[in-house]
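Heads up: the structure comes next, in structure tokens.
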Amino acid sequence: MYDGMDKPLFGEARPRDRYLNYFIGGATVILVSETLISSLIFPDFPPAAINVFLAFIIALICVSELTLIYWYRQGDVDPKFRKMIYFNSFTTVLLCICANVYFHKKWTNCPDNS
């Protein structure tokens, strides 16, 4: 089927892996976008600079993660880094959850600092 230089670098990607990559990347982008919007809207207007700064840093982490996913899909990154991509996406999601809890002040037993 393949001859010479046309053969894929790491073999054929299974559809399940491709859909998993799309799902993880899409879910991470949606959550990061929601975090960025929440930093600009909550808790009040005008937004606190620390909230916007935190969301901007999370967005930068997401951009680097998407770049790594793109390189992996192109075959430029060794397949052993797939687990690292999943781990980084998971930690980015956790960071977004923590930021959103901070923005919306959903914790209990903590005094309001206003």
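The values are calculated or read from the model by the stated rules, or taken from the named source; none is laboratory data. Computed from a predicted model, the values in this text were never measured in an experiment. Cβ sites come from the backbone with ideal geometry, for glycine too, and all protein chains shown count toward neighbours. These area figures cover heavy atoms from the full protein model, side chains too; ligands, DNA and RNA do not enter into them. Shrake-Rupley method; radii C 1.70, N 1.55, O 1.52, S 1.80 Å.
Restricted to the stretch 13-31, and to residues there that are under 18 Å from residue 67 (Cβ atoms) and hydroxyl-bearing (Ser, Thr, Tyr), the residue that is surrounded by the fewest Cβ atoms within 10 Å (Cβ to Cβ) is 22. Applying the condition of being more than 17 Å from the chain's Cα centre (by Cα) and exposed (fewer than 12 other Cβ atoms within 10 Å of the Cβ) to the stretch 42-68 and asking which residue is nearest to residue 102 (Cα to Cα) yields 50.
Could you check, for the stretch 84-107, whether at least one of its residues is open to solvent by 80 Å² or more (accessible area, probe 1.4 Å), among the hydroxyl-bearing types (Ser, Thr, Tyr) and touching a Leu at 6+ places or on another chain (Cβ under 9 Å)? Yes; the residues of the stretch 84-107 include at least one that is open to solvent by 80 Å² or more (accessible area, probe 1.4 Å), among the hydroxyl-bearing types (Ser, Thr, Tyr) and touching a Leu at 6+ places or on another chain (Cβ under 9 Å). The set of residues in the stretch 71-101 that are hydrophobic (A, V, I, L, M, F, W, C), farther than 23 Å from residue 53 by Cα and part of a helix (DSSP H, G or I) comprises 71, 81, 84, 85, 87.
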